[in-house]
Every structure is written in structure tokens, then in C-alpha cells.
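What follows is one structure encoded as C-alpha cells, with my remarks underneath.
The values are calculated or read from the model by the stated rules, or taken from the named source; none is laboratory data. Note that the structure is a prediction, hence the values are computed from the model and not measured. Positions of Cβ are backbone-derived with ideal geometry, glycine not excepted, and every protein chain shown enters the neighbour counts.
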Amino acid sequence: MATPISRRTVLTVSAGAAAGLALPGAAAQAGGGGHPGTRVSFELNADVLDGGEQVTSVTLQTSRLGRINPSSLTTGSFSVHAKATSPIPLAPGDQIYSEYDLDRAVTSATLDRHGDIVLKLEYAEGKVGGGTLGYIASKGRNVQLDLVYTITQNSPLVLRDGRTVKIQEFRQGRLANPEVDAFSYGVSRSGMKYRLYEPHRRGRGERPLVVWLHGGGEGASLPDNYYDNETTLRANRGALGFATAEAQRIFDGAYVVAPQSQSFWMEDGPRFAPQILQIIQDLVRRHPVDKERIYVVGCSNGGYMSMEMTVAYPDLFAASVPICGVVQSLQPNGPRLITDADLAAISTPTWLVTSRDDTTVPPAPNTIHAHDLIPGSRLTLYDHVIWNGYQYAGHWSWIYVARNDPAQNGQHIWQWMSKQRR
């Protein structure tokens, strides 16, 4: 197993951090005393931070054991060990960032409204040991890590009637993340997978549609046959931001779709464009989508692809938001991915976002160059990517868009998008 190391130390075209899915498994811990056969299942609770998804707490389904006295619970009542490994074989010498095998610190032990025990775990941006994705360097891909959590009970549970309980076995259940779980799964006729968020406001006419195009690290990993339809939502808050209550209020309820490339968008944008279009057309047929309010947003590889979509389909989108998008080839002396003539011909209202310290996709030949050529385009150029006092890699400027931070003349980017019509 690789030595634990944060993926932040590696700058890539990938859009996201390392995150994964908990696979059901049994983690048995024998305990002295108690009632033989006492088994408790537990769920892993995760949140997508700006730097990627982390397991932030564990819920032990203990309500059926009886009414637990909350005063008997302390941070030392249980220990939590976590092991995260790659779901696909690694080549000799290959490096995966964010595998781990360690104890998770318990910061609180409380009862929820159902009477289940919730163990909150220590977590933080850039902290190794809680992520659900791993980044395989040679493949340039995030993968969902296989997670195995082991719970150890260190002291008996005290019930309100004075009885004590020692749990004999803990069984791991699902990974729960309400924001991610709110997106349904879909597969288009072309075979491209996607996740879809449907607005709660129904029966009020047609709704806008936001198309989120992920970065290079969130596509499939082929020929490994790894095509998970998960990393697009778990690696960063790009798509999730548009499903928040704030965004839904601003857009008056919007569908949010996140297609997943079978490899990476820059491999062949003109080939992927019709597949994305097919998903959009299918959603328009099946849902009350307002064809005048379809928006495309993408980061890094997806920033390139958002521009490619407005080149290929000039009359489809009401607005485009390319974030740290690639225009110039990342290979020395390689051809431009989008020509100057194509950039100059873009008629879709466009707001570009990047950071000056982006060393993965340098702003000058990419975002700034595109801004100079796309007629009437807007540009937000940050000095660094800092949120809540934490500084991220300069490439991660999608964090700002996911938080509705870019603004011009007092108007923030989501409000600007919502006012655009095709």
C-alpha cells in the first residue's frame, strides 16, 4: 500500500480531489460480556467539501437495543479504524494518492432523534484519512476507494433502565451523502452515463437546465472498464453547488445534469459533443425543461468542453461558464484545441473564471486568450484560490463558481446566468 499522501501535492488537469464508495462488509469485534449475538449495523456519512468528499461521521444503528443513556457516551466509548484501497489493480510502481490505513479520531458521540449513536470524526480540507476517492497518477483518474471501517466498543452502553450492553459485532453498511444521493442515475442511448438532479418545485411550468462538465480526473478509466458515474459528484462541489437551496432559489428551481466522459473530454471533444447533446435532448423530451434556459458550466477539461459545446451548437445555450478551461494544447507545440476563429465566432454569453497562480492550465494562453477573442465575454481573474482561510491549488478555481463568488458590478455569476435567455 502506498504511503498516505495528499493528492494536493500533485497538479494535474484533473478537476477534483481524491474521494470513494463504502463497500458493504462485516467488521467483527468480539467483546466480553453482553448479550451473545448482539449485532449492530452502521452507515458511513459523507460530505463533499470543496476539496472532495470525506467521511465525516458514522451512525451506529443502536435504537433497537433500548433507550441509551446519553451521559454514558464519550469520545472514548468507541474506536474507529479506516482502511481505503484502490478498487482496480495497480501496475507495479504505480502511485495512488490518498489510500490509507489508520485510526480516525472521534470528536463526539451523541444520540440522534432515532436513538442511534452518531460518532463524529475529525476531518478537514487536505487531511489524509477521510477521503472517499483516490487519484491514480498514471491514469490521471479519481476512483472510488474501497472503504472498510472497523468499529471497536471500548466501554459498555448504559441504558436508561440501568442495564448495560456490549455489542458483539458491527456490520458496515452504505455510504450516505444526501447531496450526492439526491442525483439519480442515467445512461443515454449512446452509453454515456450521467447523474441528474430534479428540482423540488414541480407543476410551475418549465424549469432551467444546468449542464455540469467535469474535469479530466472524473472521467472513466479505460481499458480498466472503470466507469463509475460517481466521481463527477464526489470530487468537488461543481455540480452540487447548483442543487443547493441558494442556487435553486436563484434559478427558481433548476435541473442539474452531470454527464461523465468515457475517458476525458479533451481526448476528442467533437466526438463527445453529440453525446452530451443527446442527453440534453432526452431530458428536454422527458422533463419540463425550458429550452430557452439551458446553461453549460465546466472546469478544466470541462471548461474546454463547455467552449467546444458553444462552438458546435451556437444556438443551444443561454450562457456558458468555462472555468480554467483549456484552449492551448498542453503538449509542447501541440495544436490549439479550439482555434482563434472558433473562439471569435462564439455568440453564447460567456463568463470565464480562472486564477493567476494556475500552473496546470496557465491563464494567459487559455482563459485570458479566450476572453480576448469571445465577443462580449466576461472574465473573473483571481490571484489565488482561497476559501474559508484554506488555500487550494491555483487550478481549483471551480471552487469559486460552486460558491457563487465571482461578481461584476454587484451581480454574482449565478444571478447573471439565471437572467440569460437563448
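In the range 182-198, which residue that is of a type in the set (Lys, Arg) and touching a helix residue (DSSP H, G or I) at 6+ places or on another chain (Cβ under 7 Å) is surrounded by the fewest Cβ atoms within 10 Å (Cβ to Cβ)? Explain how you work it out, then say what you get.
Of the range 182-198, the ones of a type in the set (Lys, Arg) are 189, 193, 195.
From what's left, touching a helix residue (DSSP H, G or I) at 6+ places or on another chain (Cβ under 7 Å): 189, 195.
On the way: ARG189: 9, ARG195: 21.
In this case the residue turns out to be ARG189.
Test each condition in (1) in a loop (DSSP other than H, G, I, E, B); (2) over 17 Å from the mean Cα position of the chain (by Cα); (3) farther than 22 Å from ASP290 by Cβ for ASP228 and report the one that comes out false.
Only one criterion is unmet by ASP228, namely (2).
I'd like the full set of residues that are surrounded by fewer than 19 Cβ atoms within 10 Å (Cβ to Cβ) and of a type in the set (A, V, I, L, M), limited to the range 91-108. Outline the logic, then answer.
So in the range 91-108, the residues surrounded by fewer than 19 Cβ atoms within 10 Å (Cβ to Cβ) come out as 91-95, 101-103, 105, 107-108.
Within the range 91-108, ALA91, LEU102, ALA105 meet the criteria.
For the range 69-98, how many residues are assigned to a loop (DSSP other than H, G, I, E, B), farther than 27 Å from GLU230 by Cβ and in contact with a Ser or Thr (Cβ under 6 Å, 6 or more places away or on another chain)?
1
Is it true that THR359 is in contact (Cβ under 8 Å) with a residue 24 or more places away in the chain, surrounded by fewer than 22 Cβ atoms within 10 Å (Cβ to Cβ) and in a strand (DSSP E or B)?
Details: in contact (Cβ under 8 Å) with a residue 24 or more places away in the chain: yes; surrounded by fewer than 22 Cβ atoms within 10 Å (Cβ to Cβ): yes; in a strand (DSSP E or B): no.
Criteria not met by THR359.
For the structure I just gave you, tell me whether ASN236 is touching a residue at least 12 places away in the same chain (Cβ under 8 Å), surrounded by fewer than 22 Cβ atoms within 10 Å (Cβ to Cβ), in a loop (DSSP other than H, G, I, E, B) and under 18 Å from the mean Cα position of the chain (by Cα). Talk me through it step by step, then tell me what you get.
Numbers: touching a residue at least 12 places away in the same chain (Cβ under 8 Å): yes; surrounded by fewer than 22 Cβ atoms within 10 Å (Cβ to Cβ): no; in a loop (DSSP other than H, G, I, E, B): yes; under 18 Å from the mean Cα position of the chain (by Cα): yes.
No; evaluated as a whole, the condition is false for this residue.
Here are some residues: SER320, SER263. Which one is touching a residue at least 12 places away in the same chain (Cβ under 8 Å) and surrounded by 24 or more Cβ atoms within 10 Å (Cβ to Cβ)?
On the way: SER263 fails: surrounded by 24 or more Cβ atoms within 10 Å (Cβ to Cβ).
Exactly one residue qualifies, and that residue is SER320.
Select from the range 118-134 the residues that are over 14 Å from the mean Cα position of the chain (by Cα) and hydrophobic (A, V, I, L, M, F, W, C) and write down the one among them that is modelled with the lowest pLDDT.
VAL128
So which residues in the range 154-179 are more than 30 Å from VAL48 (Cβ to Cβ) and acidic (Asp, Glu), if there are any at all?
ASP161, GLU169 - these are the residues of the range 154-179 that are more than 30 Å from VAL48 (Cβ to Cβ) and acidic (Asp, Glu).
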